[in-house]
Protein chains: 2
Amino acid sequence: MTLINNQDTTPTNHMSFCTELMKDYRFGQQQLIEIWGQACALAITKAYPLSSLAKKQPTVLVICGPDQNGSIGLVCARHLRMFEYEPTIYHPKRSSHSLHQDFTVQCEKMDIPFLSYLPTEVQLINDAYNVVIDAMLGPEADCSNIKEPYSGILVSLKQVKIPIISVDVPSGWDVEEPSQDGINPEVLISLTAPKKCAVSFSGKHFLAGRFLPYDIQKKYELNLPDYPGTDCLIEL
Amino acid sequence: MTLINNQDTTPTNHMSFCTELMKDYRFGQQQLIEIWGQACALAITKAYPLSSLAKKQPTVLVICGPDQNGSIGLVCARHLRMFEYEPTIYHPKRSSHSLHQDFTVQCEKMDIPFLSYLPTEVQLINDAYNVVIDAMLGPEADCSNIKEPYSGILVSLKQVKIPIISVDVPSGWDVEEPSQDGINPEVLISLTAPKKCAVSFSGKHFLAGRFLPYDIQKKYELNLPDYPGTDCLIEL
């Protein structure tokens, strides 16, 4: 689900309902990114509670892309910090969009460390962090033409031994179908509605972001499950 | 806590940290109103779970003011709708601020009913709703000079027999001290940090909105309690 930089994507139901949410329902980008980022953080606390982490320090590495998925990663990192995790952010290409910049500043001002480069030695990542959060490329990304630095990061992510949690779509996967030779996340957090590539996902799969008006769910035949109680996420 | 329309308020620590949040930390209004409104809805589900409501229909009346407190009420109503409550909104004076208008449209498009006037017969309110949410006047309001329609609404709220839940500051109260002859909410939801008037509040008191950076909490000596687990609210 993307609201910024949805260049040249095939029009699908998915894109149409995003447009409808923004235009007709007047949901705002800042508002939605906050909802999704918070929901991702909560999903991570469910999948990897503080008490379950292998390392003494509750470190997590959050890799943020240049567009909306990256901003969701920034919000997720900020909430994880409030939940007593120790996020570190790698955000190699920053957006010129003031909305994204604001989310970056919020993390910087909260003293969440930003890496200036990703260690080329994968073992250093395995040793330093409990999990990696992949908030790089969203559904709008053209997976047939992934450029640096993301292509290089994906090579590293295919080698890491610690669990990967992907936000919405595993980076490098086509949004329409699961990847055979891409990264292999242990957890996938689908935002608002699962994408086609998630259908046969065999890891832990969460749906997160409980705000979609019933009329939109019905109109686009999303058949979303009922969220339990007041939870903003559900394990599928 | 107010971010819009903070005209001529006495400068307090409270206002200074709001300014710092917006200017230095680059938090946005849309983002914060969403966080607060969602947290208010969660507080209401804690104080008045669906199963505890006296009436067959889980109806709640949300009275929204013209400024930020009103927008928080709108977001709260929207989330309550997602939690299977049946909110009805009374929003007599709408803001010309596009941010507030967007939050209004989100509720309208979700088919949440808006009242065009408040019944003058208080018994009708008692009969129709389980609780009233007071999201009228925030900390910035001048309680010595409350104009219509709010002065009239306050007269009604002093007579209703169903519980009132106030958002941040009970409408009509001075933010600095508890009111002796104002409305008497059963629940108060303090946003981010309790205001002075909440110190001796004898009803159920929640603190909601878990996002405040530690450095600000420390700088302004807020001494906030620790939120349990991943909760975004705590009963004080």
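The values are calculated or read from the model by the stated rules, or taken from the named source; none is laboratory data. All of these numbers come straight from a predicted model, not from anything done at the bench. Counting neighbours? That spans all protein chains shown, and the Cβs are built from the backbone with ideal geometry, glycine included. For the accessible areas, the whole protein counts, side chains as well, though only heavy atoms, and no ligand, DNA or RNA atoms are used. Shrake-Rupley method; radii C 1.70, N 1.55, O 1.52, S 1.80 Å.
What to note about this one:
- Accessible area per residue, Å², the stretch B:65-196 with all protein chains present, probe 1.4 Å: 39 Å²
- Using a 4.7 Å Cβ-Cβ cutoff, the cysteines of chain A lacking any partner cysteine are A:Cys18, A:Cys64, A:Cys107, A:Cys143, A:Cys197, A:Cys232.
- With a Förster radius of 30 Å applied to the beta-carbon distance between A:Glu177 and A:Leu50, the computed FRET efficiency rounds to 0.30.
- Rounded if a/c under 1.5, otherwise prolate or oblate - the stretch B:135-201, Cα gyration tensor axes: oblate
- Among B:Asp102, B:Asp226, A:Asp24, the order of accessible area from largest down is B:Asp226, A:Asp24, B:Asp102, computed with a 1.4 Å probe on protein heavy atoms.
- Carbon plus sulfur fraction of accessible area for the stretch B:40-142, probe 1.4 Å, in percent: 49 percent
- FRET efficiency estimate (nearest 0.05) - Cβ-Cβ, B:Thr120 to B:Arg94, R0 22 angstrom: 0.55
- What the Cβ-Cβ distance of B:Asp127 and A:Glu221 gives, at R0 = 35 Å and to the nearest 0.05, is a FRET efficiency of 0.35.
- Long-range amide H partners of B:Ile89 with built H, under 5 Å: B:Val62, B:Phe114, B:Leu115
- For chain B, the dipole from Cβ point charges (+1 on Lys and Arg, -1 on Asp and Glu) about the Cα centre works out to 380 debye, to the nearest 20.
- For the chain pair B and A, the buried solvent-accessible surface (1.4 Å probe, both sides summed) amounts to about 3200 Å².
- The Cα atoms of the stretch B:25-235 give a gyration tensor whose axes a ≥ b ≥ c have a/c under 1.5, which makes the shape rounded.
- Take each residue of peptide A:16-25, count the partner chain Cβ atoms within 10 Å of its Cβ, and average: the result is 1.
- Partner lysines for B:Lys161 [C-alpha distance under 23 Å; skip if fewer than 8 residues away on the same chain]: B:Lys46, B:Lys55, B:Lys56, B:Lys204
- Computed about its Cα centre, the charge dipole of the stretch A:91-190 is approximately 320 debye, with only Lys, Arg, Asp and Glu carrying charge at their Cβ.
- Relative contact order %, chain A, counting alpha carbon pairs below 8 Å whose residues are six or more apart: 18 percent
- Rounded to the nearest 20 debye, the dipole magnitude of the protein assembly as shown is 340 debye, with +1 charges on Lys and Arg beta carbons, -1 on Asp and Glu beta carbons, and the Cα centre as origin.
- Note on A:Leu224: accessible area is roughly 30 Å² with a 1.4 Å probe, heavy atoms of protein only.
- Dipole orientation for the stretch B:25-235: of the candidates B:Ala135, B:Gly182, B:Ile112, B:Ile112 has the Cα lying most toward the positive pole (charges on Cβ; Lys, Arg +1; Asp, Glu -1).
- Phi-based couplings in Hz for the stretch B:60-71 (Karplus 6.51, -1.76, 1.60; Gly and Pro marked x): 9, 9, 10, 9, 10, x, x, 10, 4, 4, x, 5
- Residues in the stretch A:209-236 occluded by at least 40 Å² - accessible area, probe radius 1.4 Å, against chain by itself: A:Arg210, A:Tyr214, A:Thr230
- Per-residue mean of foreign Cβ neighbours for A:195-202 is 0 (Cβ atoms of other chains, 10 Å radius).
- Averaged over the residues of B:99-111, the number of partner chain Cβ atoms lying within 10 Å of the residue Cβ comes to 4.
- Computed on protein heavy atoms with a 1.4 Å probe, the accessible areas place B:Ser95, A:Ser171 in the order B:Ser95, A:Ser171, largest first.
- Ordered from largest to smallest accessible area (heavy atoms of protein chains, 1.4 Å probe), the residues B:Met82, A:Met22 come out as A:Met22, B:Met82.
- Each helix, a run of at least 4 DSSP H residues, gives -39500 (n - 2.57); summed and divided by the residues of chain B, these come to -10500 deg cm²/dmol at 222 nm.
- Within the same chain, aspartates and glutamates fewer than 8 places from A:Lys218 are excluded, and of the rest, those with a Cα less than 16 Å from its Cα are A:Glu20, A:Asp24, A:Asp226, B:Asp111.
- Listed residues B:His100, B:Phe211, B:Leu191: farthest to the positive end of the dipole of the stretch B:98-236 (Cβ charges): B:Phe211
- The protein assembly as shown: radius of gyration over Cα atoms, expressed as a fraction of 2.2 N^0.38 Å: 0.99
- Range in chain B, longest, excluding exposed trypsin sites (Lys or Arg not before Pro) [loop by DSSP; at most 10 other beta-carbon atoms within 10 Å]: B:57-146
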